[in-house]
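A quick write-up on the structure given underneath.
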Amino acid sequence: MILSPASRPLTQDLRAVVLAGGESKRMGQEKSALLLSGKTMLDWVSEAVSGVGMPLSVLREDLVPGLGPLGGMRTACLRYKEPHLIFLSCDMPFVGEKVIRQLVDSVKEPGLSAICSVEGRFGFPLIFSSEQLPVVTRRLEEGRRSVVGLFDEIPSLSVLIPPKHSWRFHNVNTRQDLAVAQEMAAQHGEKSENE
């Protein structure tokens, strides 16, 4: 269910959580430690969050392993007490401060979640209201692990990202993806967050 944001911004009680507990089967090694233009992929994400000024946690182990990102979201909701958690993936290094700010600014009422939409695709980063933890638990018990499917069931909104920023959502899962990311980092350099 997609709702329109209310008029009051939610600016407190937020924590960023980087999901870094995947098995990295396609990459063959831990992705968060991979070097991209002299920084680890985790450094790229951490620097974007630090620019927004909120607490950051890196989640490397889930309470129940093997349940994918939804299992990581459940673990984080049980571990951290903030009513809203911003989830980022360690294998999306280019998201940047501007996208995170846009996501934060979109949530204007308690209990509301938000997911990014880029050229018709939905996914990370996203903001999740911990009020909806029972829905996550139920979906996991039913074997339904889709994060996008979760957002069809909870009060949420879609944050539309302009197509010119689609490069920021490049996902690094394989060596080839990493090579493309190296080219993108060289091409875009230290892109202005105002672009």
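The values are calculated or read from the model by the stated rules, or taken from the named source; none is laboratory data. It should be emphasised that the depicted structure is a prediction, and the values quoted were computed from it without experimental measurement. Heads up, the Cβs are rebuilt from the backbone with ideal geometry, glycines too, and the neighbour counts pull from every protein chain shown.
General remarks:
- Any hit, region 111-118, residues being of a type in the set (Ser, Thr, Tyr) and in contact with a Phe, Trp or Tyr (Cβ under 9 Å, 6 or more places away or on another chain): yes
- Checklist (1) free of Cβ contacts under 8 Å to residues at least 60 places away in the same chain; (2) within 16 Å of residue 91 (Cβ to Cβ); (3) more than 13 Å from the chain's Cα centre (by Cα) applied to residue 151, failing item: (2)
- Candidates 50, 32, 57, 37: the one that is at pLDDT 95 or above and more than 16 Å from residue 136 (Cβ to Cβ) is 57.
- Note on region 136-186: residues that are surrounded by 15 or more Cβ atoms within 10 Å (Cβ to Cβ), closer than 27 Å to residue 110 by Cα and not polar (S, T, N, Q) amount to 13.
- Counting only residues that are at pLDDT 80 or above and over 14 Å from the mean Cα position of the chain (by Cα), region 1-29 holds 1 of them.
- Close pairs from region 125-143: first touching a residue at least 12 places away in the same chain (Cβ under 8 Å), partner assigned to a helix (DSSP H, G or I) and among the small types (Gly, Ala, Ser), Cβ under 7 Å, at least 6 apart: 140/71
So that you can scan it fast, the table gives a plain yes or no per residue for (1) over 14 Å from the mean Cα position of the chain (by Cα); (2) surrounded by fewer than 19 Cβ atoms within 10 Å (Cβ to Cβ); (3) touching a residue at least 60 places away in the same chain (Cβ under 8 Å); (4) not in a loop (DSSP other than H, G, I, E, B):
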residue	(1), (2), (3), (4)
57	no, yes, no, yes
61	yes, yes, no, no
65	yes, yes, no, no
72	no, no, no, yes
78	yes, yes, no, yes
81	yes, yes, no, no
